[in-house]
Amino acid sequence: MGLTFVTTNMGKANEVRSLLRALGIEIDVRAVKLTEIQSDSLEEISMRSCEEAYGVLGEPVFVEDAGLFIERLNGFPGPYSSYVYRTIGNAGILKLMAGEENRVAYFKSCIAYKLSGKPVKMFSGVCVGRISHEPRGSGGFGFDPIFMPEEGDGRTFAEMEIEEKNAISHRGKAVRAFAEWLKLTR
Ligand code: ITT
């Protein structure tokens, strides 16, 4: 049975492909632009995107929505991470955080999967860390240069190899939960 991942973000696609390949699962990536609804809940956004993707492609599909939640900014940018990254970017986040001692933040990933005739199934993962004082590293994508995971050694995600990031990231956790479920149900 084919497994199709719908995303326009190739950084995400590479991470998910590498994670699932290591578990013996191959995916097809389709870059379909979906309507991202406005909501404070990543779960709701990914569920709606998944239903839309299923409607367009008519085959089993999964989508993933992620966001960076900064404690001192009351969870901003959260579900609006994509827009905030495109508008103010890492430099803008660092500016908002200038002089702040509390730099705690977390990434959350929500995967939504739909098979014909079944309700959407959801999986999620969280990675806690801190916002760095300056951007570091050239790997990864998005906010990776300014996020230092707690489980790491002080490097940002952008200073890690993809396998190192995947081992501790929000997306790694969500994908492994998804893969476990797939193996039980296939
Ligand atoms: P699709 O919806 O097409 O999958 P997108 O880039 O719009 O792609 P999201 O709505 O999930 O995806 O966007 C969340 C944004 O948060 C994304 O554009 C990145 O800037 C950022 N982001 C998500 N996961 C990240 C990660 O692991 N590392 C760094 N930044 C991340």
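The values are calculated or read from the model by the stated rules, or taken from the named source; none is laboratory data. Because the structure is predicted, anything quoted here is derived from the model rather than measured. So basically every Cβ, Gly included, is an ideal-geometry build from the backbone, and we count neighbours across all protein chains shown.
Computed quantities for the displayed model
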quantity	calculated
Residues of the range 49-97 satisfying the condition of being within 14 Å of the ligand (Cβ to nearest atom) and aromatic (Phe, Trp, Tyr)	62, 69, 76, 80, 83, 85
Qualifying residue in the range 87-102 (condition: basic (Lys, Arg), touching a strand residue (DSSP E or B) at 6+ places or on another chain (Cβ under 9 Å) and modelled with pLDDT of 95 or more)	no
Qualifying residue in the range 137-157 (condition: touching a residue at least 60 places away in the same chain (Cβ under 8 Å), among the β-branched types (Val, Ile, Thr) and either surrounded by 17 or more Cβ atoms within 10 Å (Cβ to Cβ) or within 9 Å of the ligand (Cβ to nearest atom) (or both))	no
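The rows are residues; the columns are (1) crowded, with 16+ Cβ neighbours inside 10 Å; (2) at pLDDT below 95; (3) within 11 Å of the ligand (Cβ to nearest atom).
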{"position": "114", "(1), (2), (3)": "yes, no, no"}
{"position": "119", "(1), (2), (3)": "no, yes, no"}
{"position": "125", "(1), (2), (3)": "yes, no, yes"}
{"position": "132", "(1), (2), (3)": "yes, no, no"}
{"position": "176", "(1), (2), (3)": "yes, no, no"}
{"position": "183", "(1), (2), (3)": "no, yes, no"}
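Conditions tested, residue by residue: (1) surrounded by 19 or more Cβ atoms within 10 Å (Cβ to Cβ); (2) closer than 21 Å to residue 156 by Cα; (3) hydrophobic (A, V, I, L, M, F, W, C).
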{"position": "42", "(1), (2), (3)": "yes, no, yes"}
{"position": "45", "(1), (2), (3)": "yes, no, yes"}
{"position": "56", "(1), (2), (3)": "no, no, yes"}
{"position": "59", "(1), (2), (3)": "no, no, no"}
{"position": "66", "(1), (2), (3)": "yes, yes, yes"}
{"position": "71", "(1), (2), (3)": "no, yes, no"}
{"position": "78", "(1), (2), (3)": "no, yes, no"}
{"position": "82", "(1), (2), (3)": "no, yes, no"}
{"position": "86", "(1), (2), (3)": "no, yes, no"}
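For every residue, the table says whether it meets (1) of a type in the set (Asp, Glu); (2) over 16 Å from residue 42 (Cβ atoms); (3) part of a loop (DSSP other than H, G, I, E, B); (4) within 14 Å of the chain's Cα centre (by Cα).
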| residue | (1), (2), (3), (4) |
| --- | --- |
| 127 | no, no, no, yes |
| 134 | yes, yes, yes, no |
| 137 | no, yes, yes, no |
| 141 | no, yes, yes, yes |
| 153 | yes, yes, yes, no |
| 178 | no, no, no, yes |
